[in-house]
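Below is one structure; the comments refer to it alone.
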Amino acid sequence: GTNTAPAAEQRDTWTHNTGFILAAIGSAVGLGNIWRFPGVAYESGGGAFLIPYLLALLTAGIPILFLDYAIGHRYRAAAPLAYRRMAKPAETLGWFQIGLSFVIAVYYAAVVAWSLSYFVYAFDLRWGEDTLGFFTGEYLQVGDPEISTTIVSSVAIPLVLVWAAILVVLALGVSRGVQRVNVIFIPLLVVAFLGLVIRALTLPGAADGLDALFTPNWSALLDLNVWISAYAQIFFSLSIAFGIMVTYASFQRRKANMTSSGLVVAFANSSFEILAGIGVFATLGFFAHQQQVAVADLEGLTGPILSFVTFPAVISEMPGGNIFGVVFFAALVLAGFTSLISILLGVAASMQEKFGLGRRTAALAVAVVSASISIALFSTTSGLLALDTVDQFANNVGIVLSAIVMTVVVVWVFRRGEVLRQHLNAVSTFKVGRVWIFLLGLLVPAFLVVMLVQKLITLV
Ligand code: PHE
């Protein structure tokens, strides 16, 4: 393959800055905000977690978001080619990031598909009394040796639908596909989610839930793993160091206010995340109240179990629960789908540039390959088990490693920090000081190396 995109081809761009901002928010706001953040915060010190979280946002999240933007906008290509244009050997880093994104896409698509099923089930509370039995038994059919390798159609059908939708959006391209979906879905998501939070706050017991989430456990700050969780959450949540924001920024017009847009995106993402924490825990407070137990005694407060086992149980007990359920799972689908698109656009655009493929061919190739893997993995019984392991490695180890290599390569190996800083400042109204390079070159990698070592020790 050749590495140069056809020079004459007009690069598809976001047609207005709001389009870019909404798409970037669409990528950032996802399952990570709704079912990752609340549980992680609760388990990692509650209110005290906000300190490492905000520090991670300011010292690493926003600086790396700016770095992603700078690379994509200056070198005008998806991650691998953008890095290559910066310095030839750096292309490998781009492929590593795109590889990580691909791994995430495979399980992320499965969760979006489950949410789609549950959106339908919510209308008549199909999950019944035993929500755990329904999810693992009837729905995923985990643990049935007979069907351990066969495809479970209840899962495969929504998966195929999700992948077909992705294919259509990617084939339509950046301005007519991705931007349009985000311009419609993101405002819809915000309205739906605000409705959920307001409803949750009016339920009896809501205040106990908020107490459980926000009561600070200061000693958690002494635990290095809590800090790792904060940084990993920020990276995953902002979609940074995955090559995805590099790709999105590469579709911005040459004159575009990059850093100011970045601040809007980062602020919107964290606001949504904290809002999700409030909504989720107010709902859990109601659940505890119904069962006359303390929130601390509840189980299943994170990840898939939170959304597909605990929430259905709460929804069943709520007056008018089916409306709440429909809106909740619709919100998961909207949030998840817009993030999934960003990941797959990153993968497809990289393939397109590497192999000189057309947009539709690249979209088709990526959709078919990842859909097959998704279906093979997550519509069988071992899928659920795989999810946790994949999340551990891709989201904690992989992404931290990616951020370390990226910052060291840009700042130290190829010394592009100053060039990129000037590039950002030439187009943006919010000017970036030299402290940015200091953070990226010293603080971020030093801190992340310590975290990575610690994480690897706890994993092996
Ligand atoms: N940011 C998304 C979320 O919070 C996930 C994501 C990760 C999207 C990496 C794109 C790239 O759910």
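The values are calculated or read from the model by the stated rules, or taken from the named source; none is laboratory data. Just so it is clear, the model here is predicted, and its values are computed rather than measured. All Cβ positions, even for glycine, are placed from backbone atoms using ideal geometry, and neighbour counts span all protein chains on display.
Some values worked out for this structure:
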| read-out | value |
| --- | --- |
| Set 70, 79, 122, 165: member being of a type in the set (Gly, Ala, Ser) and more than 23 Å from the chain's Cα centre (by Cα) | 122 |
| Subset of the stretch 78-98 [surrounded by fewer than 24 Cβ atoms within 10 Å (Cβ to Cβ) and within 24 Å of residue 257 (Cβ to Cβ)] | 85, 86 |
| Which listed residue, of 201, 224, is closer than 27 Å to residue 337 by Cα and surrounded by fewer than 21 Cβ atoms within 10 Å (Cβ to Cβ) | 201 |
| Positions within the stretch 329-382 being touching a Gly at 6+ places or on another chain (Cβ under 8 Å), surrounded by fewer than 24 Cβ atoms within 10 Å (Cβ to Cβ) and over 16 Å from residue 247 (Cα atoms), in sequence order | 355, 356, 377, 381 |
| Those residues of the stretch 283-304 which are assigned to a helix (DSSP H, G or I) and among the small types (Gly, Ala, Ser), in sequence order | 285, 288, 296, 303 |
| Entirely in the stretch 410-459, the helices (runs of 4 or more DSSP H) that have 1 or more residues that are out of contact with any Gly (no Cβ under 6 Å at 6 or more places or on another chain) and charged (D, E, K, R) | 417-427, 444-459 |
| Cross-chain or 6+ apart pairs with Cβ under 8 Å, the stretch 449-460 first and in contact (Cβ under 8 Å) with a residue 60 or more places away in the chain, then among the polar types (S, T, N, Q) and part of a helix (DSSP H, G or I) | 454/225; 455/225; 455/396; 458/225; 459/392 |
| Complete set of residues in the stretch 278-307 that are within 18 Å of residue 237 (Cα to Cα) and in contact with a Leu (Cβ under 6 Å, 6 or more places away or on another chain) | 279 |
| Any pair with Cβ under 7 angstrom, 6 or more apart, that starts in the stretch 263-276 at a residue that is among the charged types (D, E, K, R) and ends at one that is crowded, with 16+ Cβ neighbours inside 10 Å | 273/33; 273/37; 273/237 |
| The one condition in (1) within 16 Å of the ligand (Cβ to nearest atom); (2) in contact with a Lys or Arg (Cβ under 9 Å, 6 or more places away or on another chain); (3) more than 30 Å from residue 376 (Cβ to Cβ) that residue 87 fails to fulfil | (1) |
| Qualifying residue in the stretch 357-371 (condition: within 16 Å of the ligand (Cβ to nearest atom) and small (Gly, Ala, Ser)) | yes |
| Scan of the stretch 13-66 for residues that are away from the ligand (no atom under 14 Å from the Cβ), touching a residue at least 24 places away in the same chain (Cβ under 8 Å) and not in a helix (DSSP H, G or I), ordered by number | 13, 14, 15, 44, 45 |
| Only listed residue being of a type outside the set (Phe, Trp, Tyr) and within 16 Å of the ligand (Cβ to nearest atom), chosen from 264, 226, 314, 309 | 264 |
| Selected residue [assigned to a loop (DSSP other than H, G, I, E, B), surrounded by 15 or more Cβ atoms within 10 Å (Cβ to Cβ) and at pLDDT below 90] from 142, 155, 106 | 142 |
| Qualifying positions in the stretch 329-356 - away from the ligand (no atom under 16 Å from the Cβ) and among the aromatic types (Phe, Trp, Tyr) | 355 |
